[in-house]
1. Could you please state, rounded to a whole Å, how far the C-alpha centre of the range 1-65 is from the C-alpha centre of the range 73-120?
2. Using r as the Cβ-Cβ distance of Phe117 and Ala74, and R0 as 35 Å, what FRET efficiency do you calculate, to the nearest 0.05?
3. Kirkwood Rh over Cα pairs of the chain into Stokes-Einstein at 37 °C, 0.692 mPa s: D in µm²/s?
4. What is the magnitude of the charge dipole of the chain about its Cα centre, with +1 placed on the Cβ of each Lys and Arg, -1 on the Cβ of each Asp and Glu, and no other charges, expressed in debye to the nearest 20?
5. Given the Cα-Cα distance of Ser62 and Glu88 and 0.36 nm per residue of separation, how much length would full extension add, in nm?
6. Label points 7 Å out from Cα along the Cβ direction at Ala105 and Ser25: separation in nm?
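Bear in mind that the values in this text are calculations on the coordinates, not laboratory data. Quick caveat: nothing in here was measured; it's all calculated off a predicted structure. Please note: Cβ atoms are built from the backbone with ideal geometry, for glycine as well, and neighbour counts cover all protein chains shown.
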Amino acid sequence: QVQLVESGGGLVQPGGSLSVSCAASGSIFSINVMAWYRQAPGKQREFVASITSGGYTSYADSVKGRFTITRDNARNTVYLRMNSLKPEDTAVFYCNAEVVLTTRAIVNVWGQGTQVFVSS
């Protein structure tokens, strides 16, 4: 099976920057897509950014120009650099991946989340 583990969350002031990361482990053949979602208390989980194995990226309009998603295919790790953070960015950030297992089965996996709190 596959596990995703996020790290790097914490407290940052408005206008500041923070990076979070997500490492995948297990019986992985390849990872087609890695993505970040976020969920604020009482709100629906929403898409933030994604990146394919070939490096194609997509961003939610609310973060475009402020956030940058990258990945290290050799280490099965995805990163999200967040700049110009706003209080409304406060949320639990979740990693998501479409993984091809060594059996060649395809699974969609979620991490446990990491808290990002933007406040003075």
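1. Measuring centre to centre over Cα atoms gives 3 Å.
2. On the way: r = 32 Å, r/R0 = 0.91.
The calculated FRET efficiency here is 0.65.
3. Values: Rh = 14.4 Å.
Answer, rounded: 229 µm²/s.
4. Working: 10 positive and 7 negative charges, 15 e Å.
For this selection, approximately 80 debye.
5. On the way: separation 26, 0.36 × 26 = 9.36 nm, distance 1.01 nm.
Length gained, Ser62 through Glu88: 8.4 nm.
6. About 2.1 nm, to one decimal.
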